[in-house]
Amino acid sequence: MAAKKRSSRISSSSSSSSSHRSEAFKPSSPDSVKSQTNRHRWLIITFFIVFFIISLLIYCQRYYYYTATTVVVDVEKPYVYQRGLVKVDSTYREVIDENSNVSENISRRHFGNPVLAYITPWNSKGYGLAKKFSSKITHLSPVWYELKNEGSKLVLHGRHNADRGWISDIRMKGNALILPRVVLEAIPLDLLKKKKLREEAINLIIMECKEMEYDGIVLESWSRWVAYGILHNSDMRNLALQFIKQLGEAMHSVHLERNGKTNLLLVYVIGPPHTDKLQEHDFGPKDLQALYDAVDGFSLMTYDHSSPYNPGPNAPLNWIRSTLHLLVGACSKSRRLGEKIFVGINFYGNDFVMSGGLGGGPIIAHEYLSLLEQHKPVFQWEENSAEHFFLYSDNQHVQHAVFYPTLMSLAMRLEEARSWGAGISIWEIGQDLFIAGYSFV
């Protein structure tokens, strides 16, 4: 009886199992196969989408939020925004009270593009500020050298200005590149026409970079060549461009002993056009494209738009924008070209005489602050230029107009540079714009 029950259970179990197995191995219909295939396909697609998003987030974390100097770029607004200091209706009292304030974290960057800062021996405060804010600056250019004719030879003057201790301090604090400025004072007709002199100039520059362990140079020559009147001649202009190319290629062929993975860099100084149309001597888009491969960056001097003979804003934003459009905006590769531009930003202002004869000129921070304390002026905002200014009368009752960078004007210029993919070049940090201004970069 027990055996019969057991046999019955076995039979029943076997029958049930057989039924399940027959269902499991029952051939699927074409619609079922298609449905399963679609599900598998969507699973694979979903997997790759998730993988791509995770990879992108990792990439952004490693590369977008980090600059070439591996300093974290803060995506949050700088503290000057948080405190409501970036505005059109600024007051003189806010400037006086806030000019020396800076966020506690001075190593965090907010402007992710390259930042080139000039330093001059005659405003030595810049050396200290460069060390303090070295993590916010990618390129430092001390104004040290001049290349001159002496008889039949060329001489590179300026090593006495160089400060090895300062360079060492900068490199201990961060990864800012040291590229001293070299002004080409040599007579261009001799230099550009004579192969021997061109090679001598290049060798002098490269040897100085090697001996002093620089990362490259910032070369200024175009404005000198304009002054000599040689750029109207197409043959001389071609020789000028060829010399810059030759120098850049020679520098790129030198591997730095300090870091064998990089070569010497060449940044070239270019002036902006002062009219709506390019003049014959202006550095234009064709010149930019001709030098693109040989030059690592172009320091664009978008300041000094006005003068005592033509008083007005220092660097009107609409002028900066039109200059960038003239240089890179008309080209299909504008973004790529724009990434090599350092848009010039002045860290100084001007005090112009508006009545009783023309006059006045540049002023720096301590002079500006003194005027604010003395005259307690009302700031005015000029919309087209995006600059603040104020008026005052001196002891002789002569009216003056003072244009000086503010947090609002600086913020708008950084945003303009960012929109082109460009960096900025600051002239110059020893002139000491409000310390709060460094919160932007």
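The values are calculated or read from the model by the stated rules, or taken from the named source; none is laboratory data. Being a predicted model, the structure only gives us computed values, none of them experimental. Glycine gets a Cβ as well: all are built from the backbone with ideal geometry, and neighbour counts include every protein chain shown. Please note that ligands, DNA and RNA were not included when accessible areas were found on the heavy atoms of the full protein model with its side chains. Shrake-Rupley method; radii C 1.70, N 1.55, O 1.52, S 1.80 Å.
Yes or no: Leu256 touching a residue at least 24 places away in the same chain (Cβ under 8 Å) and either charged (D, E, K, R) or crowded, with 20+ Cβ neighbours inside 10 Å (or both)? It is false that Leu256 is touching a residue at least 24 places away in the same chain (Cβ under 8 Å) and either charged (D, E, K, R) or crowded, with 20+ Cβ neighbours inside 10 Å (or both). Suppose the filter is part of a helix (DSSP H, G or I) and modelled with pLDDT of 95 or more; does Ser168 pass it? When the stated conditions are applied, Ser168 passes them.
One residue stands out in region 139-183 among those that are over 22 Å from the mean Cα position of the chain (by Cα) and among the small types (Gly, Ala, Ser): the one that is surrounded by the fewest Cβ atoms within 10 Å (Cβ to Cβ), namely Gly151. Within the set Ala186, Ala201, the sole residue that is open to solvent by less than 40 Å² (accessible area, probe 1.4 Å), part of a loop (DSSP other than H, G, I, E, B) and at pLDDT 95 or above turns out to be Ala186. If I filter region 302-320 down to residues being crowded, with 16+ Cβ neighbours inside 10 Å and part of a helix (DSSP H, G or I), which single residue comes out as farthest from the chain's Cα centre (by Cα)? Once the filter is applied, the top-ranked residue is Trp319. If you take the residues in region 204-231 that are β-branched (Val, Ile, Thr) and part of a helix (DSSP H, G or I), which one is surrounded by the most Cβ atoms within 10 Å (Cβ to Cβ)? So the residue we want is Ile205. Mind checking whether some residue in region 212-235 is at pLDDT 95 or above, within 20 Å of the chain's Cα centre (by Cα) and either farther than 25 Å from His157 by Cβ or charged (D, E, K, R) (or both)? Checked against the condition, which is being at pLDDT 95 or above, within 20 Å of the chain's Cα centre (by Cα) and either farther than 25 Å from His157 by Cβ or charged (D, E, K, R) (or both), region 212-235 yields at least one hit. Among the residues of region 154-163, none qualifies, meaning not one is out of contact with any helix residue (DSSP H, G or I) (no Cβ under 9 Å at 6 or more places or on another chain), without any contact (Cβ under 8 Å) to a residue 60 or more places away in the chain and assigned to a loop (DSSP other than H, G, I, E, B). Restricting attention to region 357-399, the residues that are more than 25 Å from Asn318 (Cβ to Cβ), surrounded by 12 or more Cβ atoms within 10 Å (Cβ to Cβ) and over 29 Å from the mean Cα position of the chain (by Cα) add up to 10.
Within region 121-142, track down each residue that is in contact with a strand residue (DSSP E or B) (Cβ under 6 Å, 6 or more places away or on another chain) and either assigned to a loop (DSSP other than H, G, I, E, B) or farther than 19 Å from Val218 by Cβ (or both). Residues satisfying the conditions are Ile137, Thr138. For region 264-278, a residue qualifies if it is in contact with an Asp or Glu (Cβ under 9 Å, 6 or more places away or on another chain) and open to solvent by 40 Å² or more (accessible area, probe 1.4 Å), and the qualifying residues are Leu265, His274, Thr275. Given the condition under 12 Å from Leu300 (Cα atoms) and assigned to a loop (DSSP other than H, G, I, E, B), answer yes or no: does some residue in region 341-359 qualify? No, every residue in region 341-359 fails to be under 12 Å from Leu300 (Cα atoms) and assigned to a loop (DSSP other than H, G, I, E, B). For beta carbons closer than 9 Å, sequence separation of 6+ or different chains, a first residue in region 303-321 that is more than 15 Å from Gly344 (Cβ to Cβ) and a second that is among the acidic types (Asp, Glu) and open to solvent by 20 Å² or more (accessible area, probe 1.4 Å), the qualifying pairs are Gly312/Glu382. Scanning region 117-148 for residues that are under 30 Å from Leu197 (Cα atoms) and of a type outside the set (D, E, K, R) returns Tyr118, Ile119, Thr120, Pro121, His139, Leu140, Ser141, Pro142, Val143, Trp144, Tyr145, Leu147. The single condition from (1) surrounded by 17 or more Cβ atoms within 10 Å (Cβ to Cβ); (2) β-branched (Val, Ile, Thr); (3) not in a strand (DSSP E or B) that Ile96 fails is (1). Consider Leu291 against the criteria (1) touching a residue at least 24 places away in the same chain (Cβ under 8 Å); (2) under 18 Å from Phe389 (Cα atoms): it satisfies all of them except one. Which criterion is unmet? In the conditions (1) touching a residue at least 24 places away in the same chain (Cβ under 8 Å); (2) under 18 Å from Phe389 (Cα atoms), Leu291 misses (2) alone. Taken together, Lys131, Lys136 contain a single residue that is open to solvent by 40 Å² or more (accessible area, probe 1.4 Å) and closer than 21 Å to Pro78 by Cβ, which is Lys131. Looking at Lys245, is it over 25 Å from Thr138 (Cα atoms) and out of contact with any helix residue (DSSP H, G or I) (no Cβ under 6 Å at 6 or more places or on another chain)? Answer is no for this residue.
Checked against (1) crowded, with 16+ Cβ neighbours inside 10 Å; (2) within 29 Å of Arg164 (Cα to Cα); (3) at pLDDT below 95; (4) not hydrophobic (A, V, I, L, M, F, W, C), His281 passes all but a single condition, namely (2).
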